[in-house]
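Notes to accompany the following structure.
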Amino acid sequence: MATKRVQAATLCWEDVQEGYVLPIFQRITDLMNWNRFAAVNDEFLYIHMDDEAGKTANQPGVFGMGNLRWAYMHNLVTQWIGDSGFITKMAADYRGLNLKGDTLTARARVTKKYVENGRHFADLDIWVENQRGENTCPGQATVELPSTTEKPKRTVPRKS
Amino acid sequence: MTERPISYITPELRARIGVEHGNRVSSPVERGEIRRWAIAAYWPERPPMMYWDEAYAKTTRWGGIIAPPDFNPFAWPIDEEGFDEKVRQWRQQTRGNQQQKSQPGTRTLNGGTRVEYFSPIRPGNVITTASKLIDVREREGGRTGLMLITETETRWTNERGQLIRISVGTSIRY
């Protein structure tokens, strides 16, 4: 399949409204996702591989790594801001466990938009829910977005 | 019977607050690891092209492939300190089918993270980190018993000294 090289539509700061709810990022998670993530992050802990290890650690069974939920929160924001925006802050508390077969839904809402030193920002409340609607991972994020009032930014790497 | 500890916070632990430790230098970041990271993080959907298609990425404001914001260039360490630490963690972890429950204070959980991002990581970057313990506290948990909560701040820079991110990780021992 040929891959189309098309620049994604640019989300500008002026397009954003406080209270806006982002399109969700959702995954059903089990060992297939966790093993793949363990493989890239070298995160091979028995508690993420084995039910018995989870139980020995006083938990109901095997559970997923917080770092994958962290990735899903970034993915949620990235799919919204596209290639021109930049995540400047992300914070999360891991509250509930991500158990085998859970459907995780990353959600966010714009809480504030503002200009600081000529840069255009939006703050978000962000969280990851499981299929029971429990918030397993409350957090906050800030994004910097291009503005229609400025020239398109280009942050090309310097030659070293 | 497992004994309940009265406190995990020793004078030695307190003395470590604010002291830089465990500074790390990554291997040069490769395009392939960025691609694999993105595939794992987005599985089973295809990740955004700016993480794996150089021709496309050149057309973006970044002018080339960048890593996903949460990319960890310190996975799979091979330097003596990093490799030994991985092996130590592997030996210490709780395994299944043990006769006895693991002992209090030996179990760890990732409590949370907050990060400020300054520049993306790109292929070829060599990332250096400087870490320090910034806070220790305790809390009584329910099923888990007494919990030791530590916060560690890490500054990430690239080979040109450009600030990449400042992260604060919360670790829970119980």
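Summary of values
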item	result
Test item: Cα-centred dipole of chain B, Lys/Arg +1 and Asp/Glu -1 on Cβ, debye	380 debye
Alpha-carbon Rg/Rh ratio, for chain A, with Rh computed the Kirkwood way	1.05
Sparsely packed GluC sites (Glu not before Pro) within the stretch A:1-93, loop by DSSP, other Cβ within 10 Å at most 12	A:E18
Paired Rg and Dmax values of the stretch A:1-92, which use every Cα atom, in angstrom	17.5, 52
Helical contribution to [θ] at 222 nm, DSSP H n ≥ 4, -39,500 (n - 2.57), averaged over chain B, rounded to 500	-5500 deg cm²/dmol
Dipole in debye (nearest 20) - the stretch A:60-125, about Cα centre, beta carbon charges: Lys, Arg +1; Asp, Glu -1	100 debye
Among A:G61, A:G82, A:G118, residue whose mean-square fluctuation peaks in a GNM of chain A (springs only between Cα atoms under 10 Å)	A:G118
In sequence order, calculated HN-Hα J values of the stretch B:67-77 (Karplus, 6.51, -1.76, 1.60; Hz; x Gly/Pro)	8, x, x, 8, 3, 10, x, 9, 5, 6, x
Residue with peak Gaussian network fluctuation, chain A [Cα springs, cutoff 10 Å], from A:G85, A:G96, A:G64	A:G96
Likely footprinting exposure, B:D84, B:D53, fewest C-beta neighbours within 10 Å first	B:D84, B:D53
Footprinting exposure proxy for B:I164, B:I149 (fewest neighbouring C-beta atoms within 10 Å first)	B:I149, B:I164
When each of A:K89/B:K58; B:K58/B:K86; A:K89/B:K132; A:K55/A:K89; A:K151/B:K58 is checked by Cα-Cα distance, pairs over 27 Å	B:K58/B:K86; A:K55/A:K89
Rounded to 10°, Cα long-axis angle of helix B:31-42 versus longest principal axis of chain B	60 degrees
Reciprocal of mean inverse Cα separation for the stretch B:83-174 (Kirkwood radius, Å)	15.6 Å
Selection from A:L68, A:Q140, A:S84, by position along the positive dipole direction of chain A (Cβ)	A:S84
Among beta bridges that DSSP assigns inside the stretch A:85-160, antiparallel share in %, nearest 5	100 percent
Rounded to whole Hz, the Karplus (6.51, -1.76, 1.60) HN-Hα couplings of the stretch A:33-38, x for glycine and proline	6, 5, 5, 4, 5, 4
Karplus (6.51, -1.76, 1.60) ³J(HN,Hα), θ = phi - 60°, over the stretch B:152-161, in Hz, Gly and Pro reported as x	10, 9, 10, 9, 10, 10, 9, 5, 9, x
Neighbour-count order for B:Y42, A:Y72, fewest beta carbons within 10 angstrom listed first	B:Y42, A:Y72
Degrees between helix B:80-92 axis and first principal axis of chain B (Cα, 0 to 90, nearest 10)	50 degrees
Long-range HN-HN contacts of A:C137 with modeled amide H, under 5 Å	A:R95, A:G96, A:V128
Taking only Cα atoms of the stretch B:17-74, radius of gyration then Dmax in Å	14.3, 46
Solution diffusion estimate, µm²/s, Stokes-Einstein, the protein assembly as shown, Kirkwood Rh from C-alpha pairs, 20 °C, viscosity 1.002 mPa s	101 µm²/s
All-pairs Cα distance distribution in the stretch A:86-157, expressed in whole percent, bin size 5 Å	3, 15, 20, 17, 13, 12, 9, 7, 4, 1
Percent of C-alpha pairs per 10 Å bin, chain B, short to long	9, 28, 32, 21, 9, 2, 0
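Where a number appears in this text, it was derived from the coordinates with a stated rule and is not lab data. As the structure is a prediction and not an experimental result, all values here were calculated from the model. Because the Cβ atoms are built from the backbone with ideal geometry, glycine has one as well, and the counts that use them run over all protein chains shown.
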